[in-house]
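> Have a look at the structure that comes next, please.
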Amino acid sequence: MLTSEQLKEYIQQGLPCDYIDVQGNDGQHFEAVIVSPEFTGKSMVQQHQLVYKALGPRMRDEIHALSMRTFTPETWAKR
Amino acid sequence: MDVQERIKQQVTSSPVVLYMKGTPQFPQCGFSGAAVQILKACGAQNVVTVDVLSDPEIREGIKAYANWPTIPQLYVNGEFVGGADIMREMYQQGELQKMLENSAA
């Protein structure tokens, strides 16, 4: 079963994160908060696409549902 | 017709198109249900929904169309807006309401 720890590692392997938190313990539904410098200057759609890209085929094969909130280091500091 | 062509026709034929699992009355996934609720809360009237569960070709094709691996997907005036998370965030910031008003939905 996929754990939130594993999912966190998968994302970090493909995307440099200043901060990442992944919750979810049923193996299928996860919630993530991700702060990455890569998000700077990108739209929300593009930010989520970067996370999906980091996960690659896992998004199709292993992960049923991933809800996420993405922040640039700047927007994260302001919240 | 090629599935990508079909999708292009679908998303440009109405101002607001939501690809979802199930129907607004009977959504088959929590995220799709949430997307419907958000559009309702925005007062959007003429939303066209496409049930991807009833069309496997569209279900796969739509993921490639927007380079977006998940459903629901919202399109306004033919442009991909986002999935459920982005819809929620835009709704909370009042942006989605504005976008829908301007789309004449």
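> Taking Cα atoms, how many degrees apart are the long axis of helix B:56-65 and the longest axis of chain B, rounded to 10 and kept between 0 and 90?
70
> Kindly report, to the nearest 10 Å², the accessible surface of B:Leu53 as traced by a 1.4 Å probe over protein heavy atoms only.
Counting only protein heavy atoms, the figure is 80 Å².
> Starting from a Cα-only point model with no solvent, please compute log10 I(q)/I(0) by Debye for region A:33-79 at q = 0.31 1/Å.
Results for region A:33-79 at q = 0.31 Å⁻¹ read -1.17.
> Note the angle between two axes, namely the Cα long axis of helix B:3-13 and the longest principal axis of the Cα atoms of chain B, as a number of degrees from 0 to 90, rounded to the nearest 10.
Roughly 30 degrees, rounded to the nearest 10.
> Rounding to the nearest 10 and keeping the result within 0 to 90°, find how far the Cα-based axis of helix A:4-14 lies from the longest principal axis of chain A.
50
> What is the total of Lys pairs in the protein assembly as shown with C-alpha atoms under 24 Å apart, excluding same-chain pairs fewer than 8 positions apart?
Final tally of qualifying lysine pairs is 17.
> Something else now. What number, rounded to the nearest 500 deg cm²/dmol, is the helix-based mean residue ellipticity at 222 nm of chain A, given -39500 (n - 2.57) per DSSP H run of at least four residues and division by all its residues?
Numbers: 4 runs with 33 residues, N = 79.
That calculation yields -11500 deg cm²/dmol at 222 nm.
> Could I ask something else about it? Taking every DSSP beta bridge with both residues inside chain A, roughly what % is antiparallel (nearest 5)?
Of the beta bridges lying entirely in chain A, close to 40 percent run antiparallel.
> Another one. Defining a contact as two alpha carbons under 8 Å apart and six or more residues distant in sequence, what relative contact order in percent does chain A show? Can you show the working numbers first?
Details: 120 pairs, mean separation 27.5, N = 79.
Averaging sequence separation for qualifying contacts and normalising by length gives 35 percent for chain A.
> Taking the Cβ-Cβ separation of A:Met1 and B:Gln92 as r and a Förster radius of 41 Å, what is the calculated FRET efficiency to the nearest 0.05? Spell out each step's value before the answer.
Numbers: r = 32 Å, r/R0 = 0.79.
Efficiency, rounded to the nearest 0.05: 0.80.
> Express in % the proportion of alpha carbon pairs of region B:3-104 at distances exceeding 17 Å. Mind showing how you got there, number by number?
Details: 2292 of 5151 pairs.
That tail contains 44 percent of the Cα-Cα pairs.
> Can you give me the Cα centroid spacing of region B:27-93 and region A:42-79 in angstrom?
17
> Semi-axes of chain A's equivalent ellipsoid from the Cα gyration tensor, sqrt of 5 times each eigenvalue, largest first, rounded to whole Å? Working shown, then result.
Details: eigenvalues 87, 33, 21 Å².
That gives 21, 13, 10 Å for the three semi-axes.
> Kindly sort A:Val33, B:Val48 by accessible area of their heavy atoms, largest first, with the probe set to 1.4 Å.
Solvent-accessible surface, decreasing: B:Val48, A:Val33.
> Largest first, what is the accessible-area ranking of B:Met1, A:Met44 with a 1.4 Å probe? Present the calculation step by step, with values, prior to reporting the outcome.
Numbers: B:Met1 145, A:Met44 45 Å².
Descending order: B:Met1, A:Met44.
> Where in region A:1-47 does accessible area fall by at least 30 Å² between the isolated chain and the complete protein assembly, at a 1.4 Å probe radius?
At a threshold of 30 Å² (probe 1.4 Å), the residues of region A:1-47 that become less exposed are A:Met44, A:Val45.
> Same structure again: Taking H placed 1.01 Å from N in the peptide plane, check which residues at least 5 places from B:Val16 or on another chain put their amide H under 5 Å from its amide H.
HN-HN under 5 Å from B:Val16: B:Val48, B:Asn77.
> If you build the Cα gyration tensor of the protein assembly as shown and take the root of 5 times each eigenvalue, what three semi-axes come out, in whole angstrom, biggest first? If you can, show how the numbers build up before the last one.
On the way: eigenvalues 145, 76, 46 Å².
With the √(5λ) rule applied to the protein assembly as shown, the semi-axes are 27, 19, 15 Å.
> Okay, moving on. Output the antiparallel fraction of DSSP beta bridges having both residues in chain B, as a percent to the nearest 5.
Details: 8 of 13 bridges.
Of the beta bridges lying entirely in chain B, close to 60 percent run antiparallel.
The values are calculated or read from the model by the stated rules, or taken from the named source; none is laboratory data. Because the structure is predicted, anything quoted here is derived from the model rather than measured. Ideal geometry is used to build each Cβ from the backbone, glycine not excepted, and the neighbour counts take in all protein chains shown. All accessible areas refer to the heavy atoms of the entire protein, side chains included, with ligands and DNA or RNA removed. Shrake-Rupley method; radii C 1.70, N 1.55, O 1.52, S 1.80 Å.
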